[in-house]
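*Asks:* Below you will find the structure I want to go over with you.
What follows is calculated from the coordinates using simple rules that are stated; it is not laboratory data. Keep in mind the model is a prediction, meaning the values are calculated, not measured. Backbone-built Cβ (ideal geometry, glycine too); neighbour counts: all protein chains shown.
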Amino acid sequence: MSAIAAPRPVFPFSAIIGQEEMKLALLLNVIEPRIGGVMIMGDRGTGKSTTIRALVDLLPLIAVVKDDPYNSDPERYELMSEEVRLRKQRGETLEVVYRPLPLVDLPLGATEDRVCGTIDIEKALSEGIKAFEPGLLAKANRGILYVDEVNLLDDHLVDVLLDAAASGVNTVEREGISIRHPARFVLVGSGNPEEGELRPQLLDRFGMSVEVHTVKNPRQRVQIVRERSTFEEDPVHFHQKYKDQQEALRQRLVCAQKKLSHVTISDELQLQIAEICGELDVDGLRGDLVLNFSARALTALEERDTVTAQDVERVAVPSLRHRLRKDPLETIDSGYKVLKVLRRVMGLPEAS
């Protein structure tokens with residue numbers, strides 16, 4: 001019997017150079033999933049996929065009910081499948097195993113059945129049971145659902161993903177039979193704007209939007225190439241080199257998740273956030289919510305108890321830039337426009 005090869009180490013999150021906005025947005029979504037995911041737009045070859053996979057490798061293992069296809073949490077009812085919930089209510093002892101956080105890739109050619117799952121009508125009618133084959137949304141529960149080139153995905157599939165991401169539940173209905181299961185995941189999309197943009201109403205459903213650009217600094221480019229080459233030559237040794245940094249960041253995330261519920265934001269800051277969103281003519285209240293959630297997550301990550309104006313400033317651009325109405329005659333960058341309004345409302349000095 002041949003031995004099973006150990007999985008190849010993933011490029012460490014702590015070793016990724018640059019792209020600070022993207023890294024911070026991903027970390028904040030892990031701390032506070034209610035932010036609503038991240039849309040990453042930028043040039044090819046800027047480390048989008050590498051960073052997402054590195055993030056999952058960084059995160060601690062999660063407790064799941066053994067042999068459950070939905071990665072059910074053994075303690076939290078809202079993260080349990082219906083079957084596990086009933087077993088829990090009957091007082092059964094649930095066998096628990098620890099697994100890495102799920103990372104599910106959604107291929108561009110996926111069908112709706114592949115994404116949502118399918119109901120076997122014939123079996124349901126003949127045997128009187130709800131025969132359900134779980135899809136990608138079930139596998140992504142409590143994890144990350146990653147859609148590369150999301151701007152090329154069929155609109156109806158994007159609608160399905162965003163509805164599930166917003167509600168935390170996937171519902172499949174066919175011939176009068178309905179199946180519901182938990183589908184709480186962080187939705188991460190990436191794409192190249194040269195290949196087309198997302199419809200504004202869909203882009204708005206992503207909590208944060210970040211832009212990544214090719215590094216121009218020659219010294220930084222050389223450093224990136226060297227690090228990548230070293231990793232390719234000996235990934236195990238390279239991973240060992242960053243072991244302490246990875247563990248320190250992992251502990252920061254765990255502490256931040258625990259601390260989040262104790263972080264406070266003043267009424268004055270919340271009013272200023274509302275004024276900023278109003279002046280930027282942001283539709284709805286999603287921008288207000290995301291800015292509140294992300295500022296609190298940043299405060300927790302930095303091990304503080306109270307949100308400051310500087311915290312709001314640091315997360316305002318990725319939280320709001322994609323919610324501004326497009327004006328073809330506008331020459332000001334959307335990120336600069338967000339900061340200009342924010343600094344005026346909050347009385348912060350203009351950047352030099």
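*Asks:* Among 193, 137, 224, which residue has its Cα positioned farthest towards the positive end of the charge dipole of the chain, with +1 placed on the Cβ of Lys and Arg, -1 on the Cβ of Asp and Glu, and the dipole taken about the Cα centre?
*Replies:* Of the listed residues, the answer is 224.
*Asks:* Moving on to the next point. Can you list the residues, at least 5 places off or on another chain, whose amide H is less than 5 Å from the amide H of residue 72, using H built in the peptide plane?
*Replies:* 65, 81
*Asks:* Follow-up. Angle between the Cα long axis of helix 155-167 and the longest principal axis of the chain, 0 to 90 degrees, nearest 10?
*Replies:* Tilt relative to the chain: about 90 degrees.
*Asks:* So how far apart, in nm, are the two label points at residue 262 and residue 169 if each is 7 Å from Cα heading toward Cβ?
*Replies:* Once both label points are built, they end up 3.4 nm from each other.
*Asks:* Run the dipole for the chain about the Cα centre, Lys and Arg Cβ at +1, Asp and Glu Cβ at -1, nothing else charged, and hand back the magnitude in debye, nearest 20.
*Replies:* On the way: 46 positive and 56 negative charges, 208 e Å.
Dipole magnitude for the chain comes out near 1000 debye.
*Asks:* HN-Hα J couplings of region 187-200 from phi, Karplus 6.51/-1.76/1.60, θ = phi - 60°, integer Hz, Gly and Pro as x?
*Replies:* 8, 10, x, 9, x, 10, x, 5, 9, x, 9, 6, 4, x
*Asks:* Each residue of region 93-102 in turn: what ³J(HN,Hα) in whole Hz from Karplus with 6.51, -1.76, 1.60 and θ = phi - 60°, glycine and Pro shown as x?
*Replies:* Values, residue by residue: 7, 8, 6, 10, 10, 10, 9, x, 4, x Hz.
*Asks:* Ok, one more. For the Cα atoms of the chain, what angle does the longest principal axis make with the long axis of helix 334-346, in degrees from 0 to 90, nearest 10?
*Replies:* 70
*Asks:* Among the listed pairs 243/340; 241/340; 48/326; 139/340; 139/216; 139/326, which are separated by more than 32 Å between their Cα atoms? Spell out each step's value before the answer.
*Replies:* Details: 243/340 40 Å; 241/340 42 Å; 48/326 25 Å; 139/340 42 Å; 139/216 39 Å; 139/326 36 Å.
In this structure, 243/340; 241/340; 139/340; 139/216; 139/326 exceed 32 Å between Cα atoms.
*Asks:* Each residue of region 37-45 in turn: what ³J(HN,Hα) in whole Hz from Karplus with 6.51, -1.76, 1.60 and θ = phi - 60°, glycine and Pro shown as x?
*Replies:* x, 9, 9, 10, 10, x, 5, 5, x
*Asks:* Over the chain, with a Gaussian network built from C-alpha contacts below 10 Å, which listed residue (294, 49, 72) shows the highest mean-square fluctuation?
*Replies:* Greatest mean-square fluctuation among the candidates belongs to 49.
*Asks:* Based on alpha-carbon centroids, what's the gap between region 236-287 and region 192-230 in Å, whole number please?
*Replies:* A separation of 20 Å, based on Cα centres.
*Asks:* Please check the chain for the longest run free of trypsin sites (Lys or Arg not before Pro) that are loop-located per DSSP (anything but H, G, I, E, B) and have at most 12 other Cβ atoms within 10 Å.
*Replies:* 91-215
*Asks:* About the Cα centre of region 262-346, how large is the charge dipole given +1 on each Lys and Arg Cβ and -1 on each Asp and Glu Cβ? Please answer in debye to the nearest 20.
*Replies:* That gives a dipole near 280 debye.
*Asks:* Compute a Gaussian network model of the chain, connecting alpha carbons closer than 10 Å, and tell me which residue from 187, 137, 161 fluctuates the most.
*Replies:* Of 187, 137, 161, the Gaussian network model singles out 161 as fluctuating most.
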